[in-house]
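Coordinate-derived values only; no laboratory data. Just so we're clear, the structure is a prediction, and the values are computed from it rather than from any experiment. Neighbour counts are summed over all protein chains in view; Cβ atoms, including those assigned to glycine, are modelled from backbone coordinates with ideal geometry.
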Amino acid sequence: MPVPNLDQNNFQTVIENAKNPVIVDFYADWCGPCKMIAPVMEQIASSDAGVDVYRVDVDVNPNLAMQFGVMSIPTIVSFKNGQLYKKTVGAQGMANILQLIQ
């Protein structure tokens, strides 16, 4: 299942209206580690983990990257109840990513 992208126009609305915890992968197309975790993010998105998964291209949305202090990619940010919950930097396995919502 492809992971949908968010941008400056829909980010806040999607995060605030999410019924589940949300994981957002801040990435860039040219980033090798980002490409490595893309299948993991797709696997989480298609699982029954009770989490919504999205991506933000930092090259297209630099303001969002700046807003969430993304200095290196991939950065994975989790949100609960519309609020920033946890953040991690670097390629991670599924277990580590899912810990961001626990």
Dividing the mean separation of Cα pairs under 8 Å (6+ apart) by the residue count of the chain yields a relative contact order in percent of 36 percent
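Where does segment 11-99 land on Rg(C-alpha)/(2.2 N^0.38 Å)?
Relative to the 2.2 N^0.38 Å estimate, segment 11-99 comes out at 0.99.
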Which of 23, 8, 99 sits farthest toward the positive end of the charge dipole of the chain, with +1 on the Cβ of Lys and Arg and -1 on the Cβ of Asp and Glu? 99
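Report the relative contact order of segment 1-57, percent, no decimals, based on alpha-carbon pairs under 8 angstrom and at least 6 residues apart.
Relative contact order, segment 1-57: 57 percent.
What fraction of the Cα pairs in segment 1-59, stated in percent, has a spacing above 16 angstrom?
41 percent
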By how many nm would the segment from residue 66 to residue 18 grow when fully extended, if each residue of separation counts as 0.36 nm and the alpha-carbon distance is taken off? 15.1 nm
Those lysines that a straight Cα-Cα span of less than 20 Å connects to residue 19, excepting residues fewer than 8 apart in one chain: 80, 86, 87
Would you order 19, 80 from fewest to most other beta-carbon atoms within 10 Å of each residue's own beta-carbon? 19, 80
